[in-house]
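Here is the structure we will look at.
The values are calculated or read from the model by the stated rules, or taken from the named source; none is laboratory data. Keep in mind it's a predicted model, so treat the numbers as computed, not measured. Every residue, glycine among them, receives a Cβ derived from its backbone with ideal geometry; neighbour counts consider all protein chains shown. Ligands, DNA and RNA are excluded from the accessible area calculation, which covers all protein heavy atoms including side chains. Shrake-Rupley method; radii C 1.70, N 1.55, O 1.52, S 1.80 Å.
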Amino acid sequence: MDFLDTAFRSTGQWKAALVTLPDARFFNLMRGIFGAIQSPFNKHRLLDELAAFLSNKDTQETIAAYIGGDDHKIIAAVAALNEPARWDLGTFFSGEYSYIELDSLISNLEERFIVYTIKEDGRLSLNPLLKKILLPFAADKGILFSYIKERPVHTGFVYDDIFLASLLTLLSSEKHILKHDGSPRKNITQKAQRILHLEDADIFIKALRCIGLLPDGSFDPASQKSRDFAGLTEAERFAYCAAGVYISLSRDIAKTFPPQRKIIQYIASAAASLYYALDDDKCYTEPALKRIIQMNQAASVNMLYADELVKANILLEAVEKTGLLLKTADGYNKRIINSAGITSTDTPVIVFNSIFSFIILPEITLQEAMLLASFCEIVEVRPRIQFRVTRESAARGFNNGVSAKSMSGILKKLSSSSFSSAAACIDNDALAEALNDWEKHHSEIVVIEGVSLILSEEQRCMARAEAVAPHIVLNPSPGVYLLDFAGKDEAAAALRKAGAGMVFEPRAKSAEASQKKALPVFTSLTPRTNALTVAPAETPPTGASADDSRDRKSAEEYKRRFRAALDELKPSKMEREELYARIERKLVISTRQLSRALTCNEKREARGLDYAGKLALAKEALLSNTALEIVIQDSSGNEKCITGIPAALEKSKDETILSVKLSPTNEGAEIDDNNINDSGRIKISMGKIRLVRRMKQ
């Protein structure tokens, strides 16, 4: 589902959101369009009239012309962030707008009926009646992101699959990679720095541990998880590495180890979505990258890790440390260009330079490199990557179940363009003979760990049973068998299935205290297509750009026309000021609004004998919970100005009493304490009020 499919709710939901607004807010919005509202009134009828007015072609053309650069950004962000709260927009536009500036812009868009607030959760949505004119602005997400079009040249080290293959090959030759606390051993990091010239070896090793590739502190290239990892695309592999770095940097997640599979997958998905969202030939600013991260998370429908959103600053650090994004000299981040995934071919990917050593070519896949890692060791990476086969590395392969014949076959396949003609060293059988000789000596002394089965002479027929025979790995002596079951319980169940009545299961002397938690399984990271394209639209919508002089002229023409129409009505000075202000705020979108009684509802002050005006302002402030500036005259005839929010209007004999909750700004004012009650309120007779003025919002 595209993100624009969810950017607009139904017209019924829009009406429901407006009808549940507080009465003061609802009628202020209605008066802005219809002027004085005649009694009796009906909210639903007013909404129907409003819908008809906003659906008018001329009205929509005016609204579209009024949309400037700031409006465009907020519209695009509301659509991209999937109905964000104001706080979400504050985070998104951090550094560009202050919270007060942003709140003012959003309030203005609400008054213009472009966005509205969903009451149940306070989120913002776009007006479905204006979908036709808002859609181009909502779809143009490029305005939200700043970048330079020319891709800067990166001269530093690039982390790619060849590097990853080299690191994993180095780790596969080590039995003990990690210390008891989970950190890499010093000799391992020093070896990585010496051979791979990798200064951040500990970061990558910690990442591999966090994503489950180093169980028991060692790396097995032949394990199922290693094969699953190698089967991913290059971008996905480094996204998982970035997830590992993120986890190692995040104290909250690192407290519980190993992390849950869903957490690893969600963070890796966030890293992959960021990578896929960027254009190959552009360099993005850090704020732009953070916005993309927030946008991608808002677009995630099936959030696996919903307890807490991914922190953008930690994720950026993680993807930079793992090479998905490169930091250039000009301070911008940019996307690294790697192949999405090289498929295996019959072309050679290794070239022998001696009987036991060979050069790795760039065309090799990680899957092919993992085959070599199981029985080879790395020699160097500069000026070229070189592997070799040694007695010790071959023994490691034998331990992992790779035979000498399989090793010769792998080397033959990867070094030759056909299976019939092999490299010279294999034709001469030198390496093949060495491997066969090593394998022979390797099997002379065997240390085995596993489930052993001991059968008496009378019970040896059980070894031929269908439930047992396929699981026999070795028969070192008569009646003794090594089984490939994961534990004794499985072996005992198989024996009972074969007809055994009693099975003796002695307790092991050094049993594990507890079973290790299951390690995460790597799955493909499908990019979220509903939030990927962030490049600006080829044809910007009319009014979208604040720098487009033609669009500004269009908006100014409408304002000039409305001001001329107002002057023809010959309003009073106060009316002209009020309506000029509304025109400037883009609230007037039809000349019909000007001919209606707007100013009576926009009145900001009432003084002197205007008792009705003062009472109306007090009632309006009471309903909307807004502050008033009130001037009263004391017994000495002196005028005093106080500010506060009306709390109640009470009838006392023949006069009306206004109860006002004083604001902190009155601390310097000389107010008789006898007139202030315990709750900080003061009661004033409406007849003694000289002036009531609405505070500027």
Practice task
Taking the Cβ of Phe356 as the centre, find all other residues whose Cβ is under 14 Å away and add up their charges (Lys, Arg: +1; Asp, Glu: -1).
Solution key: -3
Fill in the blank from the handout: Of every Cα-Cα pair in region 76-235, the percentage lying beyond 28 Å is 53
Problem - Heavy-atom accessible surface of region 168-251: percent carbon and sulfur, 1.4 Å - result: 43
Fill in the blank from the handout: Between Ser685 and Glu577, the FRET efficiency computed from the C-beta separation at R0 = 25 Å comes out, to the nearest 0.05, as 0.25
Problem - Spacing of the two label points (7 Å from each Cα toward its C-beta) at Lys651 and Ile359, in nm - result: 10.2
Completion exercise
Counting sequence-distant residues (5 or more places) and residues on other chains, those with an amide H built under 5 Å from that of Ile676 are none
Handout entry: Residue-by-residue Karplus 3J(HN,Hα) for region 207-213, coefficients 6.51, -1.76, 1.60, Hz, glycine and proline x
Key = 5, 4, 5, 5, 8, x, 8
Fill in the blank from the handout: In nm, the gap between the two label points placed 7 Å beyond Cα toward Cβ at Ser635 and Ile314 is 6.6
Fill in the blank from the handout: Carbon/sulfur accessible area of region 39-94, % of total, 1.4 Å probe, equals 51
Exercise for the section: Straight distance only, please: which lysines reach the Cα of Lys43 with their own Cα at less than 27 Å, same-chain residues fewer than 8 apart left out? Expected result: Lys15, Lys57, Lys119, Lys131, Lys132, Lys586, Lys603, Lys614, Lys619
Handout entry: Mean projection area, nm², convex hull over Cα of region 170-258
Key = 5.8
Practice task
Rank by packing, highest mean first: peptides 125-133, 575-583, 372-380, with packing defined as the count of other Cβ atoms within 10 Å averaged across residues.
Solution key: 372-380, 125-133, 575-583
